[in-house]
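Worksheet: the structure to be examined is printed underneath.
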Amino acid sequence: MKFGRIVSLVLGFMLFCVFAGCSGDEPDLRPDSLSEVEPYLTYLKDKEGRYIYLKGVNVGGSTKVPYLEGEDALEHRYNPNRAADLSYVGRPFPADSADDYFEQIRALGFNSVRLLFMWEAVMPTSHDEVDTEFLAYLDEIIGKAHEHGLYVLLNVHENIWSRHIYSLYNEKADGDKGDLINMLYSLFPQKCKESGRCAEGADPEAYDWEKGFTDHVSGDGAPMWANYACLPHKNWDLDNKNWGLFRILGTLGKDLDDNGRPDFFEELDLIIPYLEGTGMITLDDATKAKIREMEKNTPEPFPVTETSDMMPWTFWGFDTFLSMDSDQCYAKFFAGDVAYPGMVALDKDGAPIIDPDTGQPYPIEEYLQSGYERMWREVAKVGKKHANVIGYDIMNEPPIVFIVLSILGAYFDLSGLGLESTLNDLMSGLLPVDVPLSVPDNYVLSDDGETSLGEYAFFLLRFLEVLPRDTSDEMKAELGLTYKDETRNVEWSADTFALLGLNSNFEENHLRPFYERLAGAIVEEDPDAVIWFEVGFGLSYVLGGEGVGGQWVQHMVRPTLEEGDKERFVFSPHWYPDIYPHIGFNMTPREFSDEVYRYREYSEKLASYRDEAKNWYSNIPTVFGEFGTYWNYNGIEQSVADDYIVSTEILDNYYESYEELLLSNMVWCYTADNDYTYGDWWNHEDFSVIDPDGRPRGETAYSRPVPTAISGKPTHMHFYSDHHYYDPDKGEVDPFHEFELRFASRETREPTTLFVPELQYPDGFYVWLSDGFCSAQYFPQQKNPEGSNSGENRKPEWIPGYYLLNYYPTEDRPEWEHEVLIRPPLKGQEARDWNYFIKRGDVLTGGTRH
Amino acid sequence: MRRKNTWILRSVRAMILLAAPAFAFELFAQETPAQSADVSPTVASEKTQPTETEGEKLPSWVDDKPTKIDLSKVPMEEVCVDPELVASSCGSGKRIVFKADFQSVFFIKNDEDFDDTPPEYNEDSQQSAFLGTYLRPEFSFYATDNLKIFWEFEIGLNLWSRNNADQNATGSGDYFLFKQRELNAQGSFMDGLVGFSVGYQHFSDPTGLFLNHWIGAASFISKPESGVFTLSMAQIPDNTAEGILTDENSLTRDRYVFGFRADMPFKSGETKLVFSPAVYHLYDDTVVDYSKNLANLSLHLDLEWRYLTFIADLAWQYGITSNGAYDGGDVIHSGYAAQIHLGLDFDPFLLDFNFVNLSGDDDHEANDSDGAFLYSGKNRSKTILLSEDEIRDRGDNLDERMGSSDGGFTQIRAGYQLVDLNVAMNVTDYFQPALVVGAAVVNNDTNAMRASFVGMETNLNLKFMVDDVLDFHLVGAILVPGKAASARINGYDRSKTNLMYAGEVAMGVHF
């Protein structure tokens, strides 16, 4: 071989080497599609065999009200029942904005959404008709969530039965919020000169009863046709001007002695001087003038059938137990057959609705449940099309306490046994002092010629119809405990003992059969469906704790469709700490210092809910479907000024506990149209993790590294945010923003997928791996130049930057524990032996591969 | 001292590093003429010099070195410890030949990285330094003149600060280190046409850039007139913990190398040339589900002309790692390495120029393509910070620290280019100062945080020699780091590029 040939060969090979290097494609770690998720023992797994850890968000808070914008939304605040033809298309956000919002949700670190919708949204007009436009919208929204890598849990949401059950109130009432007087005043509307909504020529000093309220507390969920059926004794006419007024306002104007003055104010003229004389109260002139003003503006008396039985509790949850309308609807929905025997469904005009299958009028329970079932069937047909639908959450927080309703029933049915006079005697005994007050004859129960203060109070309660004014059949019918229409041969009466019975073992007797019915229907439509169910909103919520020997815990056993269907169900409890406003109307947000929540630890409480699944539900997976925090503590202005620190601390507590317990979770909530004044547009709740400008708030707590799919059974996870409490050790750097995930030996070759938010790692981050390798993809922050979170072009203003990491564990030994450790560069800590350093689009590799 | 690619430099008398006498003696011991079966074609980038066996004609260009030794009169079973003694009295047949390298070394650096931010608990300060000692004995057990067992091991490097002769607890970290380097049998029959080398041994491809490992190997070696041809199978230790019991081990999760290498000498006038092409197949199935099949084609050219030595090394790799991509797909490897070395011997001056280029990956980690060369970690550069320090390898050389390790190889995703120039002068027979200047850059700055410059090193090596058995090195080095190095190396602040200073004092005894 000639030298020249050899040299040519070498040089040629050199050129070949240089140019033979290949360049590959940029990794795209966003999955083209998500695979179906199903329960496996106490975990959720995808089709690839990975353990799914859900960190989700409820979308969204404003879904509880129809989709309205601008003035329409404001109009709805004070006139909710009179706007017809409302739609939920656009809830949680319009479809053409969904890409931006879902991308923001993904970029904030959520891998799933609990997508809320209303029964009313699907079936707004009739038991037999669905809103195809809404279903098409729902279909599109689910698909868009999939495009953004988000799992979807479908939830039919409801609280206090229906948005049509509401109580108006005036936030601009005189006095300081939180005071008793202000609470009283808040039940009255603004004057015409204040509201500016009265008809032309109206007295500016007159109360604007039609449009003078600023907001209302309402339920949400059920459509109007269901209201017609469950509360047929109510006047549901849209032009009923009394609807929504606090029910006592209908009694203030009663003039039983027919002397031209409302009796109540006559009584006030008597009792106020008396009480002032005893030194118990002192009213100033302004207050007395206000009372005169109220008397002058008191509305014409109206019965409770003209309005909803509801009070404007700022913490609306009280109405779950105190609203007779809500209680009755739920009792009829779940247990109408036993609690209201013989009750049939009536239409708006009071005509019985015929079940086409039987040719007989629908029993009320069957009518309501079959309507609910039909709604779910239609939704399941939509959900079936989408692999990212991970479940069907049948009903939100089903109320299962009927104490007040059953007492009411007993009040009537036991009156013959002297219950009414016993109550009078009881109150008289409690407040025995005689008062020289005049009481209408028909209210005097004692026969000693004297009126005690207790008797007087008892009189007032009945006069104002806080208690039934009497135990007559008319009164009972007004309250919906009995119904009689001789022309249609319709008659029923509530069974008091059955109502009392609802308070015991309700979940097992009524909720489980309901869940099983709905689960069966959904599975018929979507054979791969996973059913999520919630614990009943029961005595333990009302009274706290578990009672003596667990008497208040009334859990059912796990719903069952057929043998071996354990993999069908997921338990989804909700839990909130003591964050709700104090008891009252028109209350201010709670006040906390930032230290109040800093050191709290939620693990024990959350673990107790998880244990319910162990103890009662065959140890099926537990995913917290709701938790969260208000964002307006100390007032929204102060909260903003404090950078939402209290709320942020609360959320951080949650997430630290979820990570410790390895519990999946879905925070309440993401409200695209959150508002500084009206919050999430429902009952002044303000829980949204984004603010009215579409900017994340408190994201240092909730935008944290999180896995979605884990290649083996998770054993440990933690992230130390800025809000983590450090107990420092000498010479050791506090591992700020350290994230660690450990899991048992891999069970699949598919990667563990991780989300890493840029905001926690602005200077990049190191990755240490126990074994295997990673790939990373950076998604830079997006500014939406047209971003505006108001108006028709509503879009989030910016979407944070983030990373997706795919971790491929390679060690294959059975007892191996894989580990991913992430830390930012920490001052005072030299990072060594890392496998990767990642900063935006740049990846440094080190350590040992494989 | 490792037998790496620097052997060839030593053999042309351009080396300035330690152990030249040991090397010479090793040649003498292993490649004794006539009866010797010693053939070490697999030694790292060794200039393979076919030796003349009895009845075998040496290539015409091969000179008379190493010294031919008449072993016929050496009594059998006598241990030979001195070359001269061996030359005079070690006989043929059954015998043991022994040699050893001893070194005590002091090394100090101002910092391990280029960032002076102290850790919160600064126990070891920023400084990096040690005093240590090692001994590396070698034994050649000759069963016959053409069959021997070779054994090399290393005791140490034991740090003076940690070594405790009374320590019995082997888990304490301060016991005597014992590393077995080579244990193999070598034989040569039929006038060299049939030979073998089987056992744990140093194994290298002709360039030394890909394979340059101590591994278990079995080689069939044939040495006809035209050169040396070697067919090998080797097994590289893997990372998996399979234990040492046979019932806990198998051949299913291991890393293998199969290869063929040719070393063909040519001579024309004063020009001598060795052309060594080789092809290897690396099969790595140590990681379940992630098997790697990689072919490596190596070309080595060694040209000598009077006072000039020119060496070109080229290696190209192509292969597939199953399922190794981000999406679970396969990864295509395609990398290369190139090295050019130029040596000039103008007595008393010695000049060495070296350039090595290791390909890097594309911009994306764990995609379907991997362009980073699987690198042995060893090259011909004289730098001691930018590449391996041949006085004492400490594992802190930047080329390896810039990369990640994968199954006994280093991959530098950013790629690596290192150029250096060494100027040495034989001032006297006992003193040889050498100045080295080198600089390195990366090929793909995307994989080095958008920076290209790795650093520039200058070192001065003062070498004192006493009778070829005792030498001293006094070395001072300074490294001006670049952003690429600081991005990869710094423990905290990746923007800092503080100077790195290093000093080294070594005493070596070789016989």
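The values are calculated or read from the model by the stated rules, or taken from the named source; none is laboratory data. Everything numeric in this text was worked out from a predicted model, so none of it was measured. Methodologically, a virtual Cβ is constructed for each residue, glycine included, from the backbone with ideal geometry; neighbour enumeration extends over all protein chains shown.
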ask   = Hey, among the residues in the range B:313-368 that are over 25 Å from the mean Cα position of the chain (by Cα) and acidic (Asp, Glu), which one's farthest from the other protein chains (Cβ to nearest Cβ)?
value = B:ASP347
remark   = Selection over the range B:143-163 where residues are surrounded by 14 or more Cβ atoms within 10 Å (Cβ to Cβ) and not in a strand (DSSP E or B) yields a count of 4
ask   = Can you name every residue in the range A:570-618 that is exposed (fewer than 14 other Cβ atoms within 10 Å of the Cβ), part of a loop (DSSP other than H, G, I, E, B) and under 22 Å from the mean Cα position of the chain (by Cα)?
value = A:ASP578, A:HIS582, A:ILE583, A:GLU591
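Name the helices (runs of 4 or more DSSP H) wholly inside the range A:473-544 in which the number of residues that are in contact with a strand residue (DSSP E or B) (Cβ under 8 Å, 6 or more places away or on another chain) and in contact (Cβ under 8 Å) with a residue 40 or more places away in the chain is 3 or more.
The helices (runs of 4 or more DSSP H) meeting that bar are A:512-525.
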message = Filter the range A:396-443 down to the residues that are among the acidic types (Asp, Glu) and within 27 Å of A:ASP327 (Cβ to Cβ) and list them by number.
response = A:GLU397, A:ASP413, A:GLU420
note = Contact list, first residue from the range A:344-358 and over 17 Å from A:ASN227 (Cα atoms), second anywhere and aliphatic (A, V, I, L, M) and assigned to a loop (DSSP other than H, G, I, E, B), beta-carbon distance below 9 Å, six or more apart or interchain, is A:ASP355/A:ALA345
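Among what's in the range A:232-245 and is within 14 Å of A:TYR78 (Cβ to Cβ) and not small (Gly, Ala, Ser), pick the residue that is surrounded by the most Cβ atoms within 10 Å (Cβ to Cβ). Quick ask: steps written out before the conclusion?
From the range A:232-245, those within 14 Å of A:TYR78 (Cβ to Cβ) are A:241, A:243-245; that's our starting set.
Filter once more, keeping what is not small (Gly, Ala, Ser): A:241, A:243, A:245.
Working: A:LYS241: 15, A:TRP243: 22, A:LEU245: 24.
Among them, the one singled out is A:LEU245.
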ask   = When the range A:419-444 is examined, which residues are found to be closer than 18 Å to A:ASP470 by Cβ, at pLDDT 80 or above and not in a helix (DSSP H, G or I)?
value = none
key: Members of the range B:452-489 that are β-branched (Val, Ile, Thr), over 21 Å from B:LEU135 (Cβ atoms) and in contact with a helix residue (DSSP H, G or I) (Cβ under 7 Å, 6 or more places away or on another chain)   = B:VAL454, B:ILE489
key: Pairs where the first residue, in the range B:405-416, is in contact (Cβ under 8 Å) with a residue 40 or more places away in the chain and part of a strand (DSSP E or B) and the second is charged (D, E, K, R) and buried (at least 24 other Cβ atoms within 10 Å of the Cβ), C-beta under 6 Å, 6+ apart   = B:TYR416/B:ASP399
request  = Enumerate the pairs (first residue in the range A:409-424 and free of Cβ contacts under 8 Å to residues at least 12 places away in the same chain; second residue anywhere and aromatic (Phe, Trp, Tyr)) with beta-carbon separation below 7 Å, excluding pairs fewer than 6 apart on the same chain, so at least 6 apart or on different chains.
outcome  = A:LEU419/A:TYR411
Any hit, the range B:404-419, residues being away from chain A (no Cβ under 14 Å), touching a strand residue (DSSP E or B) at 6+ places or on another chain (Cβ under 6 Å) and of a type outside the set (A, V, I, L, M, F, W, C) = no
task = Would you check which residues across the range B:178-197 are in contact with a Gly (Cβ under 8 Å, 6 or more places away or on another chain) and β-branched (Val, Ile, Thr) and list them?
result = none
message = Report every pair of residues separated by at least 6 positions or lying on different chains whose Cβ atoms are under 9 Å apart, first residue within the range B:326-342 and surrounded by fewer than 18 Cβ atoms within 10 Å (Cβ to Cβ), second among the aromatic types (Phe, Trp, Tyr).
response = B:GLY328/A:TYR808; B:LEU342/B:PHE310; B:LEU342/B:PHE353; B:LEU342/B:PHE355
request  = Only residues that are free of Cβ contacts under 8 Å to residues at least 60 places away in the same chain and touching a Ser or Thr at 6+ places or on another chain (Cβ under 8 Å): list them for the range B:182-198, please.
outcome  = B:ASN184, B:ALA185, B:LEU193, B:VAL194, B:PHE196, B:VAL198
query = What number of residues in the range B:452-485 are part of a loop (DSSP other than H, G, I, E, B) and at pLDDT below 95?
reply = 3
request  = Among the residues of the range A:356-378, write down those that are among the acidic types (Asp, Glu) and either at pLDDT 95 or above or crowded, with 17+ Cβ neighbours inside 10 Å (or both).
outcome  = A:GLU365, A:GLU366, A:GLU373, A:GLU378
message = Being at pLDDT 95 or above and either in contact with a Ser or Thr (Cβ under 8 Å, 6 or more places away or on another chain) or within 8 Å of another protein chain (Cβ to nearest Cβ) (or both) is the filter here; which residues of the range A:817-834 pass it?
response = A:GLU817, A:HIS818, A:GLU819, A:VAL820
task = Name every residue in the range B:451-468 that is in contact (Cβ under 8 Å) with a residue 40 or more places away in the chain and among the β-branched types (Val, Ile, Thr), in order of residue number.
result = B:VAL454
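Output the residue which, of all residues in the range A:792-806 that are more than 10 Å from chain B (Cβ to nearest Cβ) and outside any loop (DSSP other than H, G, I, E, B), is farthest from A:GLY70 (Cα to Cα). Working first, answer last.
Keep residues of the range A:792-806 that are more than 10 Å from chain B (Cβ to nearest Cβ), which gives A:792-803.
Subsequent filtering for residues that are outside any loop (DSSP other than H, G, I, E, B) retains A:795, A:798-799, A:802-803.
Working: A:LYS795: 15, A:TRP798: 22, A:ILE799: 24, A:TYR802: 33, A:TYR803: 36 Å.
For the range A:792-806, the residue satisfying everything is A:TYR803.
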